[in-house]
Amino acid sequence: MLLELSEILACPVCGPPQVMVAVAHESVGRRVSQGFLGCPTCDSRFPVEDGVLYLDRPGSGESREAILASGVALSPDVAMWVGAVLDVAAGRGPLLLARELDEIADAVAGLAESWEVVSLNDARAERPSGPPNLSRIVVSEGGSPPVLAGRCGAAALAGDPGPDRIRRFAAALRPMGRLAIVAPGPGVAAAMREAGLEVMAPDDRITVGSQRC
Ligand SMILES: [Zn+2]
């Protein structure tokens, strides 16, 4: 986990705007391999083990079933589309990938070499270490990003995430930051507009919105 990610993450217990402090027991360069993030207000500690940050807390957010029901088949081209519409060759990160896109996280990170890619997921499974610019964060069953407002350069979701998740991911974006939704459900463009985004390219493969200045 990149040390600087502690600057974009809120305490999952207290919620935004409560920030956390990173304590590294082992690190390689700016990447923490063992340590924890701690909240100075509620004293919660969230471990970093083998470079993976565990922010999971049971019983928060929307159900896992709701997210899986919106699951989409991810073709090998999806990472390319996401990289193209989020303009990962320009701009700056971090790029927040929702859990339903975790399986393309390595490919997206490979395309977005100058960005930090933050993949949210729910598995404690063994994983290969992946590209150097990829941070994995295990979140609780809701999969909501405990991210401070306005800190991310881009984000991506898939399927029909619903207005609440779209609003939370949109709030994480900096001005001009982009949100992509792969294989969007029917209400996605309207929900993105309601979340304050300017919808740029409604499409049946991917819909993109931009946070206003
Ligand atoms: Zn807290």
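The values are calculated or read from the model by the stated rules, or taken from the named source; none is laboratory data. From a predicted model like this one, the values you see are computed outputs, not experimental measurements. Heads up, the Cβs are rebuilt from the backbone with ideal geometry, glycines too, and the neighbour counts pull from every protein chain shown.
Worth a mention:
- For Gly59, the criteria (1) at pLDDT 90 or above; (2) more than 15 Å from the ligand (Cβ to nearest atom); (3) farther than 30 Å from Ala201 by Cα hold in every case but one, which is (1).
- In the stretch 25-43, residue surrounded by the fewest Cβ atoms within 10 Å (Cβ to Cβ) [restricted to those that are more than 15 Å from Ile137 (Cβ to Cβ) and under 22 Å from the mean Cα position of the chain (by Cα)]: Arg30
- Total residues in the stretch 128-143, condition at pLDDT below 70 and crowded, with 22+ Cβ neighbours inside 10 Å: 2
- Looking across the stretch 1-15, the residues that are in a loop (DSSP other than H, G, I, E, B), buried (at least 17 other Cβ atoms within 10 Å of the Cβ) and of a type outside the set (A, V, I, L, M) come down to Cys11, Pro12.
- Criterion: in contact with an Asp or Glu (Cβ under 9 Å, 6 or more places away or on another chain) and within 16 Å of the ligand (Cβ to nearest atom) - qualifying residue of Val23, Val32, Val13, Val19: Val19
- Candidates Val88, Val48, Val52 - the one that is buried (at least 16 other Cβ atoms within 10 Å of the Cβ), at pLDDT below 90 and away from the ligand (no atom under 16 Å from the Cβ): Val88
- Of the listed requirements (1) touching a Cys at 6+ places or on another chain (Cβ under 9 Å); (2) within 15 Å of Leu97 (Cα to Cα), Pro175 misses just one: (2).
- Criterion violated by Leu179 - all others in (1) surrounded by 24 or more Cβ atoms within 10 Å (Cβ to Cβ); (2) modelled with pLDDT under 95 satisfied: (2)
- When Ala155 is tested against (1) closer than 19 Å to Ala112 by Cα; (2) surrounded by fewer than 18 Cβ atoms within 10 Å (Cβ to Cβ), only condition (2) is not met.
- Any hit, the stretch 160-176, residues being in contact (Cβ under 8 Å) with a residue 60 or more places away in the chain, in a loop (DSSP other than H, G, I, E, B) and more than 11 Å from the chain's Cα centre (by Cα): yes
- If the condition is being in contact with a Gly (Cβ under 6 Å, 6 or more places away or on another chain) and farther than 19 Å from Pro94 by Cβ, then the stretch 1-36 contributes Val23, His25.
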